[in-house]
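J.: Let me give you the structure first, and then I'll get to my questions.
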Amino acid sequence: MHNKPMILKKTLTGVVFGLACLGLLAGPDLASDQRHSRSLNFIYDIEGDVKIKRSEWNDYHNANVGDLVNPSDQLLLGTGASAKVRCSNLSVWHLQGDSANRVSDGCPSVILTNPRPNSPRVAPRAPKQIIPYIITPRHTALLNHRPIFRWHPVPGATSYQVSVQDASLTLDWRTKTSNTEIEYPGEPPLQPDSYYLVTVKTDKGYSSDQEQGVDLSFTLLDAQNAESVATAVAQVKQQQLTQEVETLTLAYLYHSYDLKAEAIELLEGLVTGGSQTAAVYQLLGDLYQEVGLSQEGKRPYLQALELAKGTKNLEGQAHAQVGLGQLENNKTEAIEWLNQAQKNYQKLGYITKVQEVKQWINKFQ
């Protein structure tokens, strides 16, 4: 019994150190510098005939609400058409018909790096119904000093032992509950310069730490970045936006600060409300993949694919197909999804993406 905390300490410290070295779990200051250099310009309103052409595409294609746009992308508006672009600095760029515009003409000219541009494939986690795997928080920063911990309900379990520890074991909080979620009481206080691990164990002996190959730690956003987020959120809420546009804007904002849990919660609200915007489901699928909830990511990707097909959005279809391929446990089905994505990128003339998908396919073979 006395050796177990030391083993946990070594394991969590090793995970955090290893991920930090890989740049996957950067500390607050470094992560801030890297993340907020991204340009997250996206189209949030379209009236009439609006088309987009990315620098590698062979032609213009219909633009879609939620499309992220690079400074080098071109937007073509037909007679009487209009569009609105939310720029990375939260300003709004209004475009009118009978015009061709480069995105850098109206939004800050910063090279776009998607939150999940071409991330390495996450090893899919096969569903294990007997494990109380953590649903939230996992592989995320948080704003809330009293987060709610949620985990997968295990059939037959009547109670759960919940613990929260940091890598140095200076914090070791434990409690017991019959529910599948619990609010952290705020004491002892969580610190932004530490990484924490939630562990849940059932009365039958099954534990969330039986889930392997994913980063389950979380941290608090540091005070400076938390203030920046609060300022940006207040600015967004002062603008007269539809509920969906405001929520999607905030989800992109939270994601850029590594606040994946908050972003997921916002997007799930739009899903519950019946959103018909493919970008909502694409981003939600990306986020679930990033936090290692592979099976949960399939549902939004499938919905994104269906919506993208309905608008003949080839890029949206390819994005969803790549996500489904990366999350699929079955090798044959994963390759099929990726082949479909490759074909759609070929139709667009998007050679860089074609080559990237080819590399992913080769990893399966």
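The values are calculated or read from the model by the stated rules, or taken from the named source; none is laboratory data. Not measured: the values here are computed from a predicted model. Cβ sites come from the backbone with ideal geometry, for glycine too, and all protein chains shown count toward neighbours. What goes into the accessible areas is simple: the full protein's heavy atoms, side chains included, and nothing from ligands, DNA or RNA. Shrake-Rupley method; radii C 1.70, N 1.55, O 1.52, S 1.80 Å.
J.: Would you kindly derive the ³J(HN,Hα) couplings of segment 215-231 from the backbone phi angles with the Karplus curve 6.51 cos²θ - 1.76 cosθ + 1.60 (θ = phi - 60°), listing them in order in whole Hz, with x for Gly and Pro?
T.: 8, 10, 7, 9, 9, 8, 5, 5, 4, 5, 6, 4, 5, 4, 5, 4, 5
J.: Heads up, I need the accessible area for Ile148: 1.4 angstrom probe, whole protein in place, Å², nearest 10.
T.: In the full protein context, Ile148 sits at about 70 Å².
J.: For the pairs Lys53/Lys312; Lys260/Lys312; Lys204/Lys298, flag any whose C-alpha to C-alpha distance is greater than 18 Å.
T.: Pairs exceeding the cut-off: Lys260/Lys312; Lys204/Lys298.
J.: Let me ask something additional. Keeping every protein chain present and rolling a 1.4 Å probe, give me the accessible area per residue for segment 214-260 in Å².
T.: Counting only protein heavy atoms, the per-residue value for segment 214-260 is 41 Å².
J.: Here's a follow-up. Using all alpha carbons of segment 226-365, what is the percent of pairwise distances in each 5 Å bin, ordered from the shortest bin to the longest?
T.: 2, 11, 18, 19, 19, 13, 10, 5, 3, 1, 0
J.: So if R0 is 51 Å, what FRET efficiency would His94 and Gln191 give, r being the distance between their Cβ atoms, rounded to the nearest 0.05?
T.: The value I calculate is 0.70.
J.: Could you sort Lys260, Lys298, Lys343 by accessible area so the largest value comes first, with the probe set to 1.4 Å?
T.: The most accessible residue leads, giving Lys343, Lys298, Lys260.
J.: Keeping all protein chains in the complex and leaving out DNA, RNA and ligands, what accessible area do you get for Leu90 with a 1.4 Å probe, in Å² to the nearest 10?
T.: Near enough 20 Å² of accessible area.
J.: In whole Hz and in residue order, list the ³J(HN,Hα) couplings for segment 92-98 that follow from phi through the Karplus curve 6.51 cos²θ - 1.76 cosθ + 1.60, θ = phi - 60°; x for Gly and Pro.
T.: For segment 92-98, the Karplus curve yields 10, 10, 9, 10, 10, x, 6 Hz.
J.: Still on this structure: Please identify which residues in segment 177-204 have an amide N closer than 14 Å to a label point set 7 Å out from the Cα of Ser159, following the Cα→Cβ vector.
T.: 177-179, 201-204
J.: How many angstrom lie between the C-alpha centres of segment 268-295 and segment 216-260?
T.: Taking the Cα centre of segment 216-260 as reference, the centre of segment 268-295 is 16 Å away.
J.: In whole Å, what are the Cα extents of segment 296-341 along the three principal axes, biggest one first?
T.: 29, 22, 11
J.: Quick one: which residues, 5+ away or cross-chain, put their amide H under 5 Å from the amide H of Ala81? H built at 1.01 Å from N.
T.: Long-range HN contacts for Ala81: Asp49, Gly97, Asp98.
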